[in-house]
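**Q** Would you mind keeping the following structure in view while I ask a few things?
The values are calculated or read from the model by the stated rules, or taken from the named source; none is laboratory data. Quantities reported herein were computed from a predicted structural model and do not represent experimental measurements. For neighbour counting, all protein chains shown are included, and Cβ atoms are generated from backbone atoms with ideal geometry for every residue, glycine included. Quick note on the areas: whole protein, heavy atoms, side chains included, nothing else; ligands and nucleic acids left out. Shrake-Rupley method; radii C 1.70, N 1.55, O 1.52, S 1.80 Å.
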Amino acid sequence: MQTYKTLHHQFKLNGCSYSKEELKEVAYSLVKEGEAYEQAIGDFLIDWLNDAPSLTVHTSGSTGKPKPISLQKQHMVNSARATGAFFELQPGDTALLCLPASYIAGKMMLVRAMVLGLSLDCVHPSSKPLTETSASYDFIAMVPLQFENSLNELDGVKKLIVGGAPVSYKLKQSFLKAAQRTKVYETYGMTETITHIAVKPLLAELIESNIDLDVFTTLADVSVTTDERGCLVIDAPLVSNETIHTNDMVRLTSEKTFKWLGRLDNVINSGGVKLFPEQIEAKLASIMENRFFVAALPDEVLGQKLVLLVEGVQETAQLRNKIANLTSLKKFEVPKEIFTVEAFVETSSGKIKRKATLNKVAL
């Protein structure tokens, strides 16, 4: 069985093959002389290539303060092998690292390359990564913003996984209308599961039928249940020694498949009715031009009232009319108030901090 101490003989970094000792020298050089994103790559490679069986990573901080987590390197190898098997990646396949290596998603692209023998190119993790390279790739991982900005440049990409945040309904429609041949998969995972443990393809029949038919399928050796809160519980022995309890509310369709409803932290109880912001946002997406999200503010009658926050300049009266004509929204899903915010509060990786942003209008 392959271990974290093994470097695949077909692994390449930016077109060059290296022994383990040579790769250590490259890592030190990146830390000393590289740009900021290259220094992060070098830092991770140094951690990966030492003899310690584990390393420390940090959560994204989108739902709270970033916290350190210790991950077993062998679990990261197992995760890379599971991804390779699911997406049928072969030694010598080309891949692109366009995510920061300071976060788990970027680290895992490096691990996959070293474990599976991929030829990995590294570019600055910008919002438009494919403009920085003219090469074709068998496999790339992106966040939704990068995916959105790359819709017209996917001709040279065979398989693309998108994670870090939910892919909006509007973005899925834009991709399908572009009729690209790239196979795109939305992923579900977290730092604790060492990146994704479930995926779903972006297929036309899912979009054309009903967004509620979107279902994630877990990778091999991963099973899921729910707890008394209705939140997802993950059993993934190859990547975690413990059962993982999440705050993601789901609807199970089998022990290997589930529909994601939203974060428990975000659920709104308005007049005794449970509202899932992520589901409401999916319905609003077709009429929204700017970034937005829905949240709750205290209300004397309802307990909590649903409000809509929009980033940037927006004519609220016109938006109210559009919402009123949106037949997919139920009565309780119509926002009671609309607030415009000059700029949303974000994490360093670009995720919206909902509570911090809401505080801007609640003060």
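**Q** Using the charge dipole of the chain (Lys, Arg: +1 at Cβ; Asp, Glu: -1 at Cβ; taken about the Cα centre), state which of 14, 161, 316 has its Cα farthest towards the positive end.
**A** 316
**Q** Would you work out the charge dipole size for the chain about its Cα centre, treating the Cβ of every Lys and Arg as +1 and the Cβ of every Asp and Glu as -1, and quote it to the nearest 20 debye? Before the final figure, lay out each step's value.
**A** Values: 39 positive and 42 negative charges, 140 e Å.
My answer is approximately 680 debye.
**Q** Expressed as a whole percentage, what fraction of the accessible surface of the chain belongs to carbon and sulfur atoms when a 1.4 Å probe is rolled over the protein heavy atoms?
**A** Working: 8660 of 17520 Å².
Taking all protein chains in place, the chain shows 49 percent carbon and sulfur surface.
**Q** Mind computing the radius of gyration and Dmax over the alpha-carbon atoms of the range 148-291? Å is fine for both.
**A** Over the range 148-291's Cα set, Rg and Dmax evaluate to 16.0, 51 Å.
**Q** For a 20 Å ceiling on Cα separation, which of these pairs sit above it: 283/305; 177/331; 283/331? Walk me through the numbers before you get to the answer.
**A** On the way: 283/305 18 Å; 177/331 31 Å; 283/331 13 Å.
Distance filter (> 20 Å) returns 177/331.
**Q** In terms of modelled amide H atoms, which long-range or inter-chain residues lie less than 5 Å from the amide H of residue 198?
**A** Here 188, 219 satisfy the definition.
**Q** In nm², what is the average projected area of the convex hull enclosing the Cα atoms of the range 1-147?
**A** Details: hull surface 35.6 nm².
Average projection, Cα convex hull of the range 1-147: 8.9 nm².
**Q** Over the chain, what is the relative contact order in percent, taking alpha-carbon pairs closer than 8 angstrom and at least six residues apart? Can you show the working numbers first?
**A** Working: 681 pairs, mean separation 38.6, N = 363.
Once normalised by length, the contact order is 11 percent.
**Q** For the range 271-326, what is the charge dipole size about the Cα centre, in debye to the nearest 20, if Lys and Arg each add +1 at the Cβ and Asp and Glu each add -1 at the Cβ?
**A** Numbers: 6 positive and 7 negative charges, 32 e Å.
My answer is approximately 160 debye.
**Q** Which value, in Å² and to the nearest 10, is the accessible area of residue 51 when all protein chains are kept and the probe is 1.4 Å?
**A** For residue 51, solvent-accessible area is about 120 Å².
**Q** Out of all DSSP beta bridges with both ends in the chain, state the antiparallel percent to the nearest 5.
**A** Taking every DSSP beta bridge with both residues in the chain, the antiparallel ones total about 65 percent.
**Q** Which residue, chosen from 27, 270, 74, occupies the Cα position most advanced towards the positive end of the dipole of the chain, where the dipole is computed from +1 (Lys, Arg) and -1 (Asp, Glu) charges on Cβ about the Cα centre?
**A** 270
**Q** While we're here: Return, for the Cα atoms of the chain, the radius of gyration and Dmax in Å, separated by a comma.
**A** For the chain, the Cα-based Rg and Dmax read 21.2, 67 Å.
**Q** Sticking with this structure for a sec: Give the lysines reachable from residue 5 as a straight Cα distance under 21 Å; neighbours fewer than 8 places away on the same chain don't count.
**A** 20, 24, 73, 107
**Q** Which pairs, out of 274/330; 159/351; 67/360, put more than 20 Å between their alpha-carbon atoms? Let's see the in-between values first.
**A** Details: 274/330 12 Å; 159/351 24 Å; 67/360 24 Å.
Where the Cα-Cα span goes over 20 Å, the pairs concerned are 159/351; 67/360.
**Q** Of all DSSP beta bridges in the range 281-363, what percent run antiparallel (nearest 5)?
**A** Around 65 percent antiparallel, to the nearest 5.
**Q** Follow-up question, since we're still on this one. Given the range 115-270, what percent of its DSSP beta bridges are antiparallel, to the nearest 5? Don't jump to the answer; show the numbers that get you there.
**A** Values: 22 of 31 bridges.
About 70 percent, rounded to the nearest 5.
**Q** Take every Cα pair under 8 Å in the range 257-309 that's 6+ residues apart, average their separations, divide by the length, and report that relative contact order as a whole percent. Intermediate values should be presented prior to the final figure.
**A** Working: 66 pairs, mean separation 17.5, N = 53.
For the range 257-309, the relative contact order is 33 percent.
**Q** Could you work out the Kirkwood radius for the range 257-321, taking every pair of different alpha carbons, averaging 1/r and inverting it, reported in Å?
**A** On the way: mean 1/r = 0.0768 Å⁻¹.
Answer for the range 257-321: a Kirkwood hydrodynamic radius of 13.0 Å.
**Q** In addition: Could you compute Rg(Cα) / (2.2 N^0.38 Å) for the range 8-69, with N its residue count? Don't skip to the end; give the middle numbers.
**A** Numbers: Rg = 13.9 Å, N = 62, 2.2 N^0.38 = 10.6 Å.
Cα Rg divided by the expected 2.2 N^0.38 Å: 1.32.
**Q** In addition: If you place +1 on the Cβ of every Lys and Arg, -1 on the Cβ of every Asp and Glu, and leave all else neutral, what size is the dipole of the range 231-355 about its Cα centre, to the nearest 20 Debye? Please list the in-between numbers first.
**A** Numbers: 17 positive and 16 negative charges, 70 e Å.
So the magnitude is around 340 debye.
**Q** Pairs of alpha-carbon atoms within less than 8 angstrom and 6+ residues apart define the contacts here; what relative contact order does the range 1-126 have, in percent? Show your work: numbers first, answer last.
**A** On the way: 204 pairs, mean separation 42.3, N = 126.
Result for the range 1-126 is 34 percent.
**Q** Can you classify the range 203-353 as rounded, prolate or oblate using the Cα gyration tensor, where a ≥ b ≥ c are the square roots of its eigenvalues, rounded means a/c under 1.5, and otherwise it's prolate if a/b beats b/c and oblate if not?
**A** Numbers: a/c = 1.85, a/b = 1.75, b/c = 1.06.
In terms of gyration-tensor shape, prolate.
**Q** Report the one residue of 326, 141, 59 whose Cα lies farthest in the direction of the positive end of the charge dipole of the chain (charges on C-beta: Lys and Arg +1, Asp and Glu -1; origin at the Cα centre).
**A** Highest projection toward the positive end goes to 326.
**Q** In Å², what does the accessible area per residue of the range 4-127 work out to with a 1.4 Å probe? All intermediate terms of the calculation are to be shown ahead of the outcome.
**A** Details: 5490 Å² over 124 residues.
I get 44 Å² per residue for this part.
**Q** Name the long-range amide H neighbours of residue 338: under 5 Å, sequence gap of 5 or more, or other chain; modelled H, no Pro or chain starts.
**A** Answer set, sorted by chain and number: 308.
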